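To start, the structure under review is shown below, and the notes come after it.
The values are calculated or read from the model by the stated rules, or taken from the named source; none is laboratory data. Predicted model only: the values in this text are computed from it and were never measured. Neighbour counts are summed over all protein chains in view; Cβ atoms, including those assigned to glycine, are modelled from backbone coordinates with ideal geometry.
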Amino acid sequence: MENTKKLTLVIEPDPILHQIATKVENITDEIDETLNEMAKIMEQFDGIGLAGPQVGVQKQIIIIDAETIAREDKVELPKERYLKIINPEIISVSKETCLKEEGCLSLPTIYYTVERPEKIYIKYLNEKGKEIKLDADGLLARCIEHEIDHLKGKVFIDYVGPLKRKLALSKLKKMKPRK
């Protein structure tokens, strides 16, 4: 992965959003720098999560704005503002599901209701290579699930019917590129 090029937000229907991201074999300073750059892009566009493929990086990396999510869910603020998630694996999900509206930085101005498990249990590596296990619920769980979908080549409109998907893609084609 070369980080010499400036990262930019990838917009649907770019094919990179539908490719499966590869595992990170070695956590290097470059991976951490990429995650930090992703955080800046996420902030620039008022997002709460961003996955590698959304900036053209086909690696299993995710940045989550944990502080903003904690404020939204009215739960205790985390020690660190961002969760840097590398090679995430969902271990289990709750049987209980929840319907909530979702949006995506790669599908600007598109919002649809998506059903997802209410709680998840995941393991991942942080930017220091330490394995972390995390129970997540509420908006944090939804955000992590959404970003893991990106690593699997899925976007949230893959969960809606064909007509809504067609309408969303038509709307995106008419939009001016974001800078």
* To do: Could you tell me which of the residues VAL93, VAL24, VAL10 is touching a residue at least 60 places away in the same chain (Cβ under 8 Å) and more than 13 Å from the chain's Cα centre (by Cα)?
  => VAL24
* Based on what the data block shows, is LYS79 over 30 Å from LYS166 (Cβ atoms), under 14 Å from the mean Cα position of the chain (by Cα) and of a type in the set (D, E, K, R)? -> no
* To do: Answer yes or no as to whether GLU12 is charged (D, E, K, R), part of a loop (DSSP other than H, G, I, E, B) and either in contact with a strand residue (DSSP E or B) (Cβ under 7 Å, 6 or more places away or on another chain) or crowded, with 18+ Cβ neighbours inside 10 Å (or both).
  => yes
* With respect to ALA21, determine if the residue is surrounded by 19 or more Cβ atoms within 10 Å (Cβ to Cβ) and closer than 22 Å to GLY129 by Cβ. => yes
* Qualifying positions in the stretch 140-179 - of a type in the set (D, E, K, R), surrounded by 14 or more Cβ atoms within 10 Å (Cβ to Cβ) and either modelled with pLDDT under 90 or in contact with a helix residue (DSSP H, G or I) (Cβ under 6 Å, 6 or more places away or on another chain) (or both) -> ARG165
* Those residues that are within 28 Å of THR34 (Cα to Cα) and either aliphatic (A, V, I, L, M) or surrounded by 12 or more Cβ atoms within 10 Å (Cβ to Cβ) (or both), I need them from the stretch 90-115; list them, please. => ILE90, ILE91, GLU102, GLY103, CYS104, LEU105, SER106, LEU107, PRO108, ILE110, TYR111
